[in-house]
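Each value in this text was obtained by applying a stated rule to the coordinates, not by laboratory testing. Just so we're clear, the structure is a prediction, and the values are computed from it rather than from any experiment. No Cβ is skipped: glycine too gets one built from the backbone with ideal geometry, and neighbour counts run over all protein chains shown.
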């Protein structure tokens, strides 16, 4: 049975409605900046999300290697988001992961409901739609499937989709290869802060404790895309976030006071710096505000993997090496769980003020 608290957006989208329910309509202020995503993606003028070629990240030629690493570090400081190409994960595997997720979502809503989560009791893994967590009660135009994919021993295989039959194999292999890439990537901002290359990874939990949580976002066609958002403006709480998508544009970044649309770059993985790294680096690396737009013509699907520190075991605060009299700590000490609560609570308070 469909959850009565949060109707599946897919059910709304396929019901033939011409106008969206009021709880999906964004504020007038937000609506002024919502534009046609296909037109936006074609634009060549203005700033563009950087593309970082990782081909030479381990080159034996020091100059070549340093150039690649410097470009990644600069993008992490300036934008906090980038397209990664030549990342070492085969296009064949990426296509398998995407195909498996698409096939899962092609099933009937009734079939997907067998995997439904129960957010009100804290069971967030599984198939769901967002509950309103702000005072205005607004909802986002998306359904999703959420589950932990790494470390392997912490997975709950009972909620992994049985259809398609290769979902488990493809997603497991992708998580394993992505975890190797995480170590490689984290070494660069670590060195950039004057720390040992393994330091940032250690600070976010290392191989045993850093959790990789996958969220497949399913954005149905929307009859009034100018009024809705697939995902409202937010920063990621993670250390890093890696995103695949089905080559339908939708991601926008708030850069230098304007919304910039990310291009669809073939065979790339989009990577975000999350709040966790911003906090540890005392703001040197940016966790950029971003959102997702929807459209009338095409379903958009994205696969986000959030690399998260353990909720209670680590105190997140600026590392002592990056704090000085001239650059005092910008963030108070909090556990990851406290940071999440702080963001939700602060958002709620801001909603009440408006």
Longest principal axis of the chain (C-alpha) makes with the long axis of helix 167-192 (C-alpha) an angle, in degrees to the nearest 10, of 40
Gaussian network model of the chain, springs between alpha carbon atoms under 10 Å - residue of 282, 217, 36 with greatest fluctuation: 36
Just round it to a whole percent: the fraction of Cα-Cα distances in the range 174-313 exceeding 26 Å. 28
Value at 222 nm in deg cm²/dmol, rounded to 500, when DSSP H runs of n ≥ 4 in the chain each add -39,500 (n - 2.57): -9500 deg cm²/dmol
Applying a 10 Å radius around every beta-carbon, put 101-109, 162-170 in order of their mean neighbour count, most first. 101-109, 162-170
Return the equivalent ellipsoid semi-axes of the range 217-295 as a descending list in whole Å, where each equals the square root of 5 times an eigenvalue of the C-alpha gyration tensor. 24, 14, 11
Förster radius 30 Å - calculated FRET efficiency between residue 77 and residue 176 (Cβ-Cβ, nearest 0.05): 0.55
So what's the angle, to the nearest 10 degrees on a 0 to 90 scale, between helix 91-106 and the longest Cα principal axis of the chain? 30
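So for the chain, considering every pair of alpha-carbon atoms, how many percent are separated by more than 32 Å?
Of all Cα-Cα distances in the chain, 30 percent exceed 32 Å.
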Which length gain, in nm to one decimal place, applies between residue 28 and residue 264 when the Cα-Cα distance is subtracted from 0.36 nm times their residue separation? 82.1 nm
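Can you give the FRET efficiency to the nearest 0.05 for residue 157 and residue 331, using r as the Cβ-Cβ distance and R₀ = 35 Å?
Calculated transfer efficiency: 0.45.
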In degrees from 0 to 90, rounded to the nearest 10, what is the angle of the helix 336-353 Cα long axis to the longest principal axis of the chain? 50
Protection proxy ranking, peptides 171-178, 140-147, average beta carbon neighbours within 10 Å, highest first: 140-147, 171-178
Tell me, what is the percent relative contact order of the range 31-314, built from C-alpha pairs under 8 Å that lie six or more residues apart? 25
Once you sort the root eigenvalues of the Cα gyration tensor of the range 154-244 as a ≥ b ≥ c, which label holds: rounded (a/c under 1.5), prolate (a/b larger than b/c) or oblate (the other case)? oblate
Remind me, relative contact order of the range 207-303 in percent, using alpha carbon pairs under 8 angstrom and six or more residues apart? 46
